[in-house]
Amino acid sequence: MFKIVAKDKVWKFETPQIMAIMNVNMDSFYETSRINEVDTAVKKAEKFINEGATIIDIGGQSTRPGAILQSPKTEINNIIPIIEAIHDKFPDILLSVDTFNSLVAQEALKAGAHIINDISCGQFDKELLATVAKFQAGYIGMHVNGTFETMHVIQPRFNLMDDLIAYFTTKKKLLSEKGIHHWIIDPGFGFGKSIEENFNIVKSLKKLLPIQLPILLGVSRKSTIYKTLKVPVEDALNGTTVLHTIGLINGASILRVHDVKEAKQISTLVPFLT
C-alpha cells in the first residue's frame with residue numbers, strides 16, 4: 001500500500017481512488033465539466049463525494065489542443081473562491097489543483113488544496129517543485145514533451161513505454177533531490193501521443209509498476225476514445241468505462257474522471273477480477 005503526505009492529510013492507496021474533474025473555465029473540451037460559479041461548484045462537489053470521489057481536481061487552465069494560456073492572476077481569481085468554499089464545506093475531502101504555475105499552486109495550497117496536479121512534471125515552471133516541497137503537498141507529475149504550445153504535437157519515437165520508464169525514472173531522482181520522495185505518475189494519455197500509443201499505455205500500464213510510484217490514469221472521454229468510436233464526446237462514457245477497467249486491472253491507482261458514479265462501480269468490481 002502506498003501512503004503519501006498531502007499537507008495535513010495522509011493519502012492512503014488501499015483501494016483504487018476516484019478523482020473527480022472540476023473545470024473552472026469555459027474552455028474545457030467537455031462542456032458538462034465546466035463550472036464558473038461557487039454555489040454550483042459546491043453542489044457538484046457534494047454530488048461527486050456522494051458518488052464515491054475521494055479527490056476533487058480543480059482546474060482553471062484548459063489543456064486541450066489549442067487552449068489559450070491564462071495569466072496566473074486569472075487562474076487564481078477563478079479557482080481560489082471555489083477551493084475555499086469546497087474546503088470549508090467538505091474539510092475531509094482531498095482537493096487537487098490542476099496547474100503547472102508556481103504562483104497558482106502557492107495560492108491554491110494556502111486556500112485549502114492538498115495536491116498539485118502538474119501536467120508538465122516541473123518543466124513549465126521551474127519554481128513549482130520547490131513550492132510543492134515547501135508546503136509538503138501531494139504531487140502528481142505527468143509525462144509531456146515540449147512546451148504548453150507544442151505539448152500536443154506527436155513525437156517521433158521507437159517505443160513509448162521505454163520512453164515513459166526513462167522519463168519517470170529521471171523525474172523520480174530529480175524530485176527526490178527537491179525533497180519530494182512519494183508522488184504519483186501520470187503517463188499523459190492524449191498528450192503528444194498517437195491513438196495507437198494511447199491505447200498501448202492502457203494495455204501496457206504494468207510496465208510502469210517497477211518505478212514503485214502510484215499511477216494515475218486520465219482517459220475520461222478523450223478524443224482517442226470518441227474518434228475511434230466515431231461518436232461525439234457526450235457518447236464516450238461506455239468507451240471510457242472499457243479503458244478504465246483495463247487500466248485498473250493493469251495497475252492504475254487513480255482514475256481521473258468526469259463520471260464518478262460509473263468509475264466508482266468499476267473500482268468496486270475490478271478487485272474481484274484480479
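The values are calculated or read from the model by the stated rules, or taken from the named source; none is laboratory data. Quick caveat, the model's predicted, so the values are computed rather than measured. Counting neighbours? That spans all protein chains shown, and the Cβs are built from the backbone with ideal geometry, glycine included.
I want to confirm something. Restricting to region 191-236 and keeping residues that are in contact with a His (Cβ under 8 Å, 6 or more places away or on another chain) and not aromatic (Phe, Trp, Tyr), which single residue is nearest to Pro65 (Cα to Cα)? Can you show your working first?
Going residue by residue through region 191-236, those that are in contact with a His (Cβ under 8 Å, 6 or more places away or on another chain) are 191-192, 213, 217, 219-221.
Next cut, not aromatic (Phe, Trp, Tyr) only: 192, 213, 217, 219-221.
Numbers: Gly192: 10, Leu213: 28, Leu217: 19, Val219: 15, Ser220: 16, Arg221: 15 Å.
Restricting to residues being in contact with a His (Cβ under 8 Å, 6 or more places away or on another chain) and not aromatic (Phe, Trp, Tyr), the top hit is Gly192.
Among what's in region 35-63 and is over 19 Å from Ala263 (Cβ atoms) and among the aliphatic types (A, V, I, L, M), pick the residue that is surrounded by the most Cβ atoms within 10 Å (Cβ to Cβ).
Here is the first cut: in region 35-63, the residues over 19 Å from Ala263 (Cβ atoms) are 36-43, 60-63.
Add one more test, that the residue is among the aliphatic types (A, V, I, L, M), and what stays is 38, 41-42.
Working: Val38: 15, Ala41: 22, Val42: 17.
My answer is Ala41.
Tell me, please, whether a residue that is of a type in the set (Asp, Glu), within 23 Å of His182 (Cβ to Cβ) and under 13 Å from the mean Cα position of the chain (by Cα) can be found in region 91-112.
Initial filter on region 91-112 (of a type in the set (Asp, Glu)): 92, 98, 107.
Now narrow it down to the ones that are within 23 Å of His182 (Cβ to Cβ): 92, 98.
Now drop any that are not under 13 Å from the mean Cα position of the chain (by Cα), which leaves 98.
Yes - at least one qualifying residue is present in region 91-112.
Go through region 128-177 and report how many residues are of a type in the set (Gly, Ala, Ser) and touching a residue at least 60 places away in the same chain (Cβ under 8 Å). Can you show your working first?
Looking only at region 128-177, we keep the residues that are of a type in the set (Gly, Ala, Ser), and these are 130, 133, 137-138, 141, 146, 166, 176.
From what is left, the residues that are touching a residue at least 60 places away in the same chain (Cβ under 8 Å) are 137-138.
Result for region 128-177: 2.
Name the one entry in Asp92, Asp125, Asp88 that is surrounded by fewer than 22 Cβ atoms within 10 Å (Cβ to Cβ) and without any contact (Cβ under 8 Å) to a residue 12 or more places away in the chain. Lay out the reasoning, then the answer.
Numbers: Asp125 fails: without any contact (Cβ under 8 Å) to a residue 12 or more places away in the chain; Asp88 fails: without any contact (Cβ under 8 Å) to a residue 12 or more places away in the chain.
Being surrounded by fewer than 22 Cβ atoms within 10 Å (Cβ to Cβ) and without any contact (Cβ under 8 Å) to a residue 12 or more places away in the chain holds for just one of Asp92, Asp125, Asp88, which is Asp92.
Buried (at least 20 other Cβ atoms within 10 Å of the Cβ), among the small types (Gly, Ala, Ser), modelled with pLDDT of 95 or more and assigned to a loop (DSSP other than H, G, I, E, B): is that true of Ala113 in this structure? Write out each step before concluding.
Numbers: buried (at least 20 other Cβ atoms within 10 Å of the Cβ): yes; among the small types (Gly, Ala, Ser): yes; modelled with pLDDT of 95 or more: yes; assigned to a loop (DSSP other than H, G, I, E, B): yes.
So Ala113 passes the test.
Is there a residue in region 245-266 that is free of Cβ contacts under 8 Å to residues at least 24 places away in the same chain and of a type in the set (Gly, Ala, Ser)?
No, region 245-266 contains no residue that is free of Cβ contacts under 8 Å to residues at least 24 places away in the same chain and of a type in the set (Gly, Ala, Ser).
Please list, ordered by first then second residue, the pairs with beta carbon atoms under 9 Å, 6 or more apart or interchain, first in region 48-70 and more than 19 Å from Ile82 (Cβ to Cβ) and outside any helix (DSSP H, G or I), second at pLDDT 90 or above and β-branched (Val, Ile, Thr).
Note: pairs meeting the criteria are Gly52/Ile18; Gly52/Val260; Gly52/Thr268.
Among the candidates Phe158, Phe189, which residue alone is part of a loop (DSSP other than H, G, I, E, B) and farther than 30 Å from Lys7 by Cβ? Full working, then the answer.
On the way: Phe189 fails: farther than 30 Å from Lys7 by Cβ.
After ruling out the rest, the residue left standing is Phe158.
Would you please name the residue that is nearest to the chain's Cα centre (by Cα), looking only at residues in region 64-79 that are surrounded by fewer than 22 Cβ atoms within 10 Å (Cβ to Cβ) and closer than 24 Å to Leu255 by Cα?
Checked region 64-79; the qualifying residue nearest to the chain's Cα centre (by Cα) is Arg64.
Using the structure shown, decide if Ile165 is part of a strand (DSSP E or B), of a type outside the set (Lys, Arg) and closer than 28 Å to Phe135 by Cα.
Working: part of a strand (DSSP E or B): no; of a type outside the set (Lys, Arg): yes; closer than 28 Å to Phe135 by Cα: yes.
No: the conditions fail for Ile165.
How many residues are more than 16 Å from the chain's Cα centre (by Cα) and in contact (Cβ under 8 Å) with a residue 12 or more places away in the chain when one looks only at region 211-226? Spell out the reasoning first.
Applying the first criterion (more than 16 Å from the chain's Cα centre (by Cα)) to region 211-226 yields 211-212, 223-226.
Among the residues that remain, those that are also in contact (Cβ under 8 Å) with a residue 12 or more places away in the chain are: 211, 223-226.
Total satisfying the criteria: 5.
For region 142-153, indicate whether the set of residues that are modelled with pLDDT of 95 or more and outside any loop (DSSP other than H, G, I, E, B) is non-empty.
yes
Please pick out the residue among Thr228, Thr240 that is exposed (fewer than 15 other Cβ atoms within 10 Å of the Cβ) and hydroxyl-bearing (Ser, Thr, Tyr). Break it down into steps so the answer makes sense when it comes.
Numbers: Thr240 fails: exposed (fewer than 15 other Cβ atoms within 10 Å of the Cβ).
From the options Thr228, Thr240, the qualifying one is Thr228.
Which residues, counting only those in region 87-110, are out of contact with any Pro (no Cβ under 6 Å at 6 or more places or on another chain), hydrophobic (A, V, I, L, M, F, W, C) and assigned to a helix (DSSP H, G or I)? Even if it seems obvious, please write down each step before you answer.
Keep residues of region 87-110 that are out of contact with any Pro (no Cβ under 6 Å at 6 or more places or on another chain), which gives 87-100, 102, 105-110.
After this cut, where a residue has to be hydrophobic (A, V, I, L, M, F, W, C) as well, the list is 90, 93-95, 97, 100, 105, 108-109.
Ala105, Ala108, Leu109 - these are the residues of region 87-110 that are out of contact with any Pro (no Cβ under 6 Å at 6 or more places or on another chain), hydrophobic (A, V, I, L, M, F, W, C) and assigned to a helix (DSSP H, G or I).
Which one of Leu216, Leu269, Leu208, Leu255 is of a type in the set (A, V, I, L, M), within 30 Å of Phe135 (Cα to Cα) and assigned to a helix (DSSP H, G or I)?
On the way: Leu216 fails: assigned to a helix (DSSP H, G or I); Leu269 fails: within 30 Å of Phe135 (Cα to Cα); Leu255 fails: assigned to a helix (DSSP H, G or I).
Matching residue, one of Leu216, Leu269, Leu208, Leu255: Leu208.
Within the group Leu174, Leu209, Leu273, Leu248, which residue is of a type outside the set (D, E, K, R) and crowded, with 21+ Cβ neighbours inside 10 Å?
On the way: Leu174 fails: crowded, with 21+ Cβ neighbours inside 10 Å; Leu209 fails: crowded, with 21+ Cβ neighbours inside 10 Å; Leu273 fails: crowded, with 21+ Cβ neighbours inside 10 Å.
The conditions single out Leu248.
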